[in-house]
Amino acid sequence: MKVANVTFHGIGNTGTDVCAEERDVWLREAQFKAVLEVIRGRVGVCITVDDGNASDMEIVAPALRERNMGASFFVPVGLLGQSGYMSKSDVRQLAEAGFVIGSHGMKHLDWRKLNDDDLRCEVHDSRQILEQMIGRSVREASCPFGSYDLRVLRFLKQAGYRRVYTSDRGSASRQAWLQARNTISAWDDPVSVEKMLSKGPLSPDLIMCRIKTAIKRLR
Ligand SMILES: [Zn+2]
């Protein structure tokens, strides 16, 4: 069975410490809720939320709960508690509320650019720290910036993750270890998201995306 994974980042006011790149994936609260309405009740759509922003706890989780929707939250473990991010206690509360908690590494770095020791810390240590923090096992990870290569995937396998999320767009097999995701950007609205979710696998841009993904997984 195929699923469409969608990714949200920060919601609401961006504040001054949000960089230009991040603003591109930041949604207004009303925009986020309108997109949720498109997703609600749709079979085969999974919600993921990256970066551990404070808005995960303040806006995203309550909106999901109101609509009886689940999600996986991927947090950069080393940034929790810093200004603009969730606290450790927030993450524990999300886990207790039944949301899936996954690792987004320690400090939100590009894993491809790290040496082996730093990469191990990002994927292996972050998982252990997160497990101790929430008192349950952590089985999923998402790659910061959607950046990965064969070596990164090998480290993620060795660290024991059961599922790894990228930002490669398109659909994914529900059981696959590597899961492509579709980022919802600041320019999206209910119409564009509806269109994205109903796109067949043979649309020209998704075919091009698959070719690029295949190259990425081999490099
Ligand atoms: Zn991220």
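The values are calculated or read from the model by the stated rules, or taken from the named source; none is laboratory data. On a predicted model such as this, the values are computed, not experimentally measured, just so you know. A quick note on method: Cβ atoms are made from the backbone with ideal geometry, for glycine too, and the neighbour counts reach across all protein chains shown.
Below, the figures for the structure above:
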| item | result |
| --- | --- |
| Segment 73-93: number of residues that are more than 14 Å from residue 106 (Cβ to Cβ) and surrounded by fewer than 22 Cβ atoms within 10 Å (Cβ to Cβ) | 7 |
| Residue within segment 105-116 that is more than 16 Å from the ligand (Cβ to nearest atom) and buried (at least 18 other Cβ atoms within 10 Å of the Cβ) present | no |
| Residue 84 touching a strand residue (DSSP E or B) at 6+ places or on another chain (Cβ under 8 Å), at positive phi, modelled with pLDDT under 95 and not charged (D, E, K, R) | yes |
| Number of the exception - residue 87 against (1) among the polar types (S, T, N, Q); (2) under 19 Å from residue 132 (Cα atoms); (3) within 13 Å of the ligand (Cβ to nearest atom) | (3) |
| Residue 33, sole failed condition from (1) over 23 Å from residue 138 (Cβ atoms); (2) within 16 Å of the ligand (Cβ to nearest atom) | (2) |
| Members of segment 138-168 found to be away from the ligand (no atom under 16 Å from the Cβ) and either in a helix (DSSP H, G or I) or in contact with a helix residue (DSSP H, G or I) (Cβ under 6 Å, 6 or more places away or on another chain) (or both), listed by number | 138, 149, 150, 151, 153, 154, 155, 157, 158, 159 |
| Odd one out for residue 98, checked against (1) surrounded by 14 or more Cβ atoms within 10 Å (Cβ to Cβ); (2) more than 16 Å from the ligand (Cβ to nearest atom) | (1) |
